1. Run the simple label-point estimate for L33 and K289 please: 7 Å along Cα→C-beta, distance reported in nm.
2. With N set to the number of residues, divide the alpha-carbon radius of gyration of segment 122-178 by 2.2 N^0.38 Å and report two decimals.
3. Taking 0.36 nm per residue of sequence separation and subtracting the Cα-Cα distance, how much length would be gained by fully extending the chain between I44 and Y131, in nm to one decimal?
4. Along segment 99-113, what does the Karplus equation 6.51 cos²θ - 1.76 cosθ + 1.60 (θ = phi - 60°) give for ³J(HN,Hα), rounded to whole Hz, x for Gly and Pro?
5. Segment 148-269: Rg/Rh from Cα coordinates, Kirkwood Rh?
6. Summing Lys, Arg as +1 and Asp, Glu as -1, what charge do residues with Cβ under 15 Å from the Cβ of P237 carry, P237 excluded?
7. Compare D182, D122 by solvent-accessible area with a 1.4 Å probe and give them largest first, with all protein chains kept in place.
8. Output ³J(HN,Hα) for segment 159-168: one whole-Hz value per residue in order, computed from phi by the Karplus curve 6.51 cos²θ - 1.76 cosθ + 1.60 with θ = phi - 60°, and x for Gly and Pro.
Amino acid sequence: AGVMGKLGLAAGVGFMVGPVINPFISSLFQACLFATGLQLLSLIAVYQLPSRSVTAAEPALPVEAKAPVLAGVVKTVWKAIKEVFVLAVAAPPAARLILFLRFGMSMGFHVFYTVMQAIIKDKFKFQPTDYSNYFAFIGLTYAFSQLISRAVINRFGKNQTFLLIPCFLLLGGGRFVTATTDNIYIFYSGIVLTVGALGIVNTSISTTITRIASDSNVGGLMGVLDTSEKLAGIGGPAIGGALYAYSTFAPVIVVCMGYLLLAVAVFVGYPRYVLPAIDHKERESTETKAKTE
């Protein structure tokens, strides 16, 4: 939980640093140059990560002939979709539940995003400075949620059921408040509820992944979950736009009901699937440790 919280804290600080630097950037070209430089630094940092050596049980894959660019993109997307569906069908119930939660949260964000843009642009008449303050406030709130996430998550131990349920309800309540209020202070209060609860949920779920998956499968499971979020980013805006065209308040209702459904899924699924999976991994770890001693 501590490591996951630090990663989330870094993301929150990034949200705050951007608006702070914004006054020193006077043109779109300068902004693009600065963003490109940061991306290159990120690429260098990723390149410096230690690579996992190939063991005897995992022989190196044969080098395939280079495919055309478009065919390669299509193949990559199709492979990602298959990985998500394989996890959804063939994986243990605990992993499927985590997939459902992460995919549902991502869908909720992208569906609600269509409403949020209309709110901050049409209702509150946001200007560039307002957008900077808005993202800085989100970053500050998310960073604070990560600072307290370790203590909160550890307090609940391996049973995160009654931590996640209130957080999902707060997410739905925060979305509803931000969509319905005409008061800017209440609007930001709703942002606090939403972003704070979101930070706790993200860290809790990421920590649970490390508790249910074996050491060799954690990276793969996180990769598939990340892919499912990207797929939600493809379909979510289209669904949100269709709902908004039907009724401007329809995305809000659907998202709030979705968070309620996620809370019910946690209430039913965590004690039935996740906790036994955690206990099973702990027993395996204990037995392995006893054999090696």
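The values are calculated or read from the model by the stated rules, or taken from the named source; none is laboratory data. Predicted, not measured: the structure shown is a model, and the values here were computed from it. Every residue, glycine among them, receives a Cβ derived from its backbone with ideal geometry; neighbour counts consider all protein chains shown. These area figures cover heavy atoms from the full protein model, side chains too; ligands, DNA and RNA do not enter into them. Shrake-Rupley method; radii C 1.70, N 1.55, O 1.52, S 1.80 Å.
1. In this crude spin-label approximation the distance works out to 5.5 nm.
2. Compared with the compact-globule rule of thumb, segment 122-178 sits at 1.49.
3. Length gained between I44 and Y131: 28.3 nm.
4. For segment 99-113, the Karplus curve yields 4, 4, 5, 5, 5, x, 5, 5, 4, x, 4, 6, 5, 6, 4 Hz.
5. 1.01
6. Here the charged neighbours net out to 0.
7. D182, D122
8. 9, 8, 4, 8, 9, 6, 4, x, 5, 5
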